[in-house]
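Engineer: Okay, handing you the structure first.
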Amino acid sequence: MTHPQAEHTERGLVGGWYNSQLTPQGRLDARLVAEELMRRCRDTTRPVRITTSDLSRCAETAEILAARLGAPVTEDARLREISFGEAEGKSRVWLADREVSAPDHDRLDYRGPIAGAETRREVATRVGDCVRELMADGDHTHVVVTHGFAQIFVITTWLQIPVESAGFLSFAPKPGSITHLQHDDYWRNRTVAALAETSHLKTG
């Protein structure tokens, strides 16, 4: 899942590694996600394990989920959002005035003019390393709490799409969305059973 609404978004600030908290709406949405996951996990025979980005907006979400699911939480910095370097915590307008889109021939390694920013390859590599470790643990149902851009590489790693083929991929999830990645224990197929669902956030 992607973390729900956070303060930096509400204030029009650049996120990345900027360590903002959930908004009151974000905490409400996290509880709605927890209820939805509780409903879905009733049918699993495996215990639930939660792994989250260590940034506050994800870690806070994970604790809300853990309280409802009765599951342990592990924080992992490899699930962080892409770093925007010196732009983090500044206004989105500041970034928009300086940011340059990656050229088609260099999507993975283009760093751009923002000092300290990460490349797509760097994010894909660290997120992929984390997800492959989780994939090796078939004894649990895994809940992964991460960020919108980082989520791309949770999905591509699960589908075993090489980093070299992920230069143009984007899933554009909304905050608080749930993506269901399903593994067939017999045929060994990997399915995106649901992508960036948000129907659970509708409170009437």
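The values are calculated or read from the model by the stated rules, or taken from the named source; none is laboratory data. Everything numeric here is computed off the predicted structure, so don't read it as measured data. For neighbour counting, all protein chains shown are included, and Cβ atoms are generated from backbone atoms with ideal geometry for every residue, glycine included. For accessibility, only protein heavy atoms count, side chains too; no ligands or nucleic acids. Shrake-Rupley method; radii C 1.70, N 1.55, O 1.52, S 1.80 Å.
Engineer: Restricting attention to region 99-141, report how many residues are surrounded by 13 or more Cβ atoms within 10 Å (Cβ to Cβ) and over 18 Å from residue 156 (Cα atoms).
Structural biologist: Final tally of qualifying residues: 11.
Engineer: A follow-up question, please. Within region 86-119, which residues are outside any loop (DSSP other than H, G, I, E, B) and farther than 25 Å from residue 10 by Cα?
Structural biologist: If the condition is that a residue be outside any loop (DSSP other than H, G, I, E, B) and farther than 25 Å from residue 10 by Cα, then 104, 105, 106 are the ones that fit.
Engineer: Further question on the same structure: Across region 133-188, what is the total count of residues that are on the phi > 0 side of the Ramachandran plot and free of Cβ contacts under 8 Å to residues at least 60 places away in the same chain?
Structural biologist: Number satisfying all stated conditions: 3.
Engineer: While we're here: When you go through 50, 82 one by one, which is the residue that is open to solvent by less than 10 Å² (accessible area, probe 1.4 Å) and within 15 Å of the chain's Cα centre (by Cα)?
Structural biologist: Working: 82 fails: open to solvent by less than 10 Å² (accessible area, probe 1.4 Å).
Going through 50, 82 in turn, the sole match is 50.
Engineer: Filter region 158-177 down to the residues that are of a type in the set (Ser, Thr, Tyr), part of a loop (DSSP other than H, G, I, E, B) and open to solvent by 70 Å² or more (accessible area, probe 1.4 Å) and list them by number.
Structural biologist: 170
Engineer: Related question: Being in contact with a Lys or Arg (Cβ under 7 Å, 6 or more places away or on another chain) and among the charged types (D, E, K, R) is the filter; apply it to region 69-109 and report the residue that is farthest from residue 165 (Cα to Cα).
Structural biologist: Applying the first criterion (in contact with a Lys or Arg (Cβ under 7 Å, 6 or more places away or on another chain)) to region 69-109 yields 71-72, 78, 107-109.
In the following step, the residues that additionally are among the charged types (D, E, K, R) were identified as 78, 107, 109.
On the way: 78: 20, 107: 10, 109: 13 Å.
Result: 78.
Engineer: Now for a different question. In contact (Cβ under 8 Å) with a residue 40 or more places away in the chain, touching a strand residue (DSSP E or B) at 6+ places or on another chain (Cβ under 6 Å) and not in a strand (DSSP E or B), is that true of residue 61?
Structural biologist: Details: in contact (Cβ under 8 Å) with a residue 40 or more places away in the chain: yes; touching a strand residue (DSSP E or B) at 6+ places or on another chain (Cβ under 6 Å): yes; not in a strand (DSSP E or B): yes.
Against the criterion (in contact (Cβ under 8 Å) with a residue 40 or more places away in the chain, touching a strand residue (DSSP E or B) at 6+ places or on another chain (Cβ under 6 Å) and not in a strand (DSSP E or B)), residue 61 qualifies.
Engineer: On the given criteria, is residue 132 within 11 Å of residue 163 (Cα to Cα), of a type outside the set (Gly, Ala, Ser) and assigned to a helix (DSSP H, G or I)?
Structural biologist: No: the conditions fail for residue 132.
Engineer: I'd like to check something: does region 138-160 contain any residue that is more than 17 Å from the chain's Cα centre (by Cα) and within 20 Å of residue 75 (Cβ to Cβ)?
Structural biologist: So far as region 138-160 goes, yes, one or more of its residues are more than 17 Å from the chain's Cα centre (by Cα) and within 20 Å of residue 75 (Cβ to Cβ).
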